[in-house]
1. Can you list the helices (runs of 4 or more DSSP H) found entirely within segment 84-171 that contain at least 1 residues being aliphatic (A, V, I, L, M), within 15 Å of the ligand (Cβ to nearest atom) and without any contact (Cβ under 8 Å) to a residue 40 or more places away in the chain?
2. Go through (1) of a type in the set (A, V, I, L, M, F, W, C); (2) assigned to a helix (DSSP H, G or I); (3) over 21 Å from Arg144 (Cβ atoms) one by one and return the number of the condition Trp38 breaks.
3. What residue, among those in segment 133-150 that are surrounded by 18 or more Cβ atoms within 10 Å (Cβ to Cβ) and under 14 Å from the mean Cα position of the chain (by Cα), is farthest from Val48 (Cα to Cα)?
4. For segment 27-83, which residues satisfy the criterion of being of a type in the set (Gly, Ala, Ser) and touching a helix residue (DSSP H, G or I) at 6+ places or on another chain (Cβ under 7 Å)?
5. Just to check your reading of the model, which residue among Gly47, Gly68, Gly55 is in contact (Cβ under 8 Å) with a residue 60 or more places away in the chain, under 16 Å from Gln132 (Cα atoms) and either of a type outside the set (Lys, Arg) or touching a Leu at 6+ places or on another chain (Cβ under 8 Å) (or both)?
6. Kindly provide the set of residues from segment 55-83 that are over 18 Å from Leu119 (Cα atoms) and within 16 Å of the ligand (Cβ to nearest atom), ordered by number.
Amino acid sequence: MAAEIRRYEAERVANDSTYWMFFELLWRDYFHFWVRRWQGRAFKASGVLGRTPCGAQDREAFLRWCQGSTGEPFIDASMRELSATGQLSNRARQNVASWLARSEGIDWRWGAAWFESQLIDFDVGPNWGNWQYVAGVGNDPRNRIFDVRAQAQRYDEDGAYRARWGAATGA
Ligand SMILES: Cc1cc2nc3c(=O)[nH]c(=O)nc-3n(C[C@H](O)[C@H](O)[C@H](O)COP(=O)(O)OP(=O)(O)OC[C@H]3O[C@@H](n4cnc5c(N)ncnc54)[C@H](O)[C@@H]3O)c2cc1C
């Protein structure tokens, strides 16, 4: 892929799109190296940082998240899209993961396992590594929590995405 991008840039044009395509592939490689480096710790609740995560074992809240019936429209739309198509944008993945692991405080590994069963692009390192980072136990210097309402306002301003998946915007 990288060689094709370089060839295209040489023959046609180098622009923001070719830059980002190459850049994102570096993340893919990074997480492949990451899982080789950490092995079993990729799947531990405390992650590679050895932190104690929120780890509530709330099955009902977890099922609501899986089914897209949390009552939070941006989260519900995303989870419904995932169930219906097996796909989800990186933005939506980060938001639903943050919601489950940080806002609801549920064991992040449940979410990672659900993604594993649903995603058509499931890949061990990228999935479990990204989940760890969002849960605050992986490689991220900024221990962040997504403000899903602000994210919805920013990335789905007119509510079209939420409406597409039958999740009311409340707007
Ligand atoms: C919680 C969570 C779970 C994820 N699980 C997976 C997974 O199981 N499999 C998977 O391939 N990606 C996973 N990702 C990463 C990312 O969301 C997807 O790779 C991305 O949505 C693919 O979209 P695209 O094909 O349009 O990629 P583009 O944005 O066009 O990027 C090109 C390629 O770069 C790679 N890439 C882009 N972003 C990332 C990233 N953050 N981490 C690793 N590789 C990346 C992918 O191979 C992608 O196809 C996950 C992200 C999060 C936050």
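Just so you know, all these numbers are worked out from the coordinates, no wet-lab data involved. Being a predicted model, the structure only gives us computed values, none of them experimental. Glycine gets a Cβ as well: all are built from the backbone with ideal geometry, and neighbour counts include every protein chain shown.
1. Numbers: elements: 90-98, 108-118, 124-135, 148-155, 160-164.
Once the helices (runs of 4 or more DSSP H) in segment 84-171 are filtered for at least 1 residues that are aliphatic (A, V, I, L, M), within 15 Å of the ligand (Cβ to nearest atom) and without any contact (Cβ under 8 Å) to a residue 40 or more places away in the chain, what remains is 90-98, 108-118.
2. (3)
3. This residue is Val148.
4. Quick first cut of segment 27-83, residues of a type in the set (Gly, Ala, Ser) only: 40, 42, 45-47, 50, 55-56, 61, 68-69, 71, 77-78, 83.
Once the filter is applied, which keeps residues that are of a type in the set (Gly, Ala, Ser) and touching a helix residue (DSSP H, G or I) at 6+ places or on another chain (Cβ under 7 Å), segment 27-83 yields Ala42, Ala45, Gly47, Gly68, Ser69, Ala77, Ser78, Ser83.
5. Gly47
6. Phe74
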